[in-house]
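The structure under discussion appears below in the form of structure tokens.
The values are calculated or read from the model by the stated rules, or taken from the named source; none is laboratory data. On a predicted model such as this, the values are computed, not experimentally measured, just so you know. Please note: Cβ atoms are built from the backbone with ideal geometry, for glycine as well, and neighbour counts cover all protein chains shown.
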Amino acid sequence: MLSLGSNAAGAGVPRPVSTPDKLAALVAEHDDLDIAIAVLWAAGGRDDLMISRLKKRKLQIKDEIALAAPAAEFCRTA
């Protein structure tokens with residue numbers, strides 16, 4: 001994952017995001033999708049295609065979290 005530099009010298013220059021930051025962003029997105037799915041499900045007129053797409057994305061993020069979590073743990077202990 002890349003982020004743009006925020007200081008004047010590095011403005012607009014991509015820099016790698018640390019693994020713990022990436023993991024936190026993935027977990028937040030996973031939680032947001034969980035809420036969105038629940039809201040759509042609770043709504044009377046269910047949009048099955050949208051729910052299916054959100055669930056698929058949520059599973060993709062879960063896989064990314066599984067890959068990033070061991071690396072994040074390594075960064076904390078190193």
Taking the stated definitions as given, is Ile37 assigned to a helix (DSSP H, G or I), modelled with pLDDT under 95 and touching a Leu at 6+ places or on another chain (Cβ under 9 Å)?
-> yes
Within the stretch 50-78, restricting attention to residues that are among the small types (Gly, Ala, Ser) and assigned to a helix (DSSP H, G or I), which residue is modelled with the highest pLDDT?
-> Ser52
State which residue pairs qualify: first residue over 10 Å from Ile37 (Cα atoms) and inside the stretch 48-60, second residue surrounded by 11 or more Cβ atoms within 10 Å (Cβ to Cβ) in any location, beta carbons under 8 Å apart, and separation of 6 or more residues or different chains.
-> Arg57/Leu33
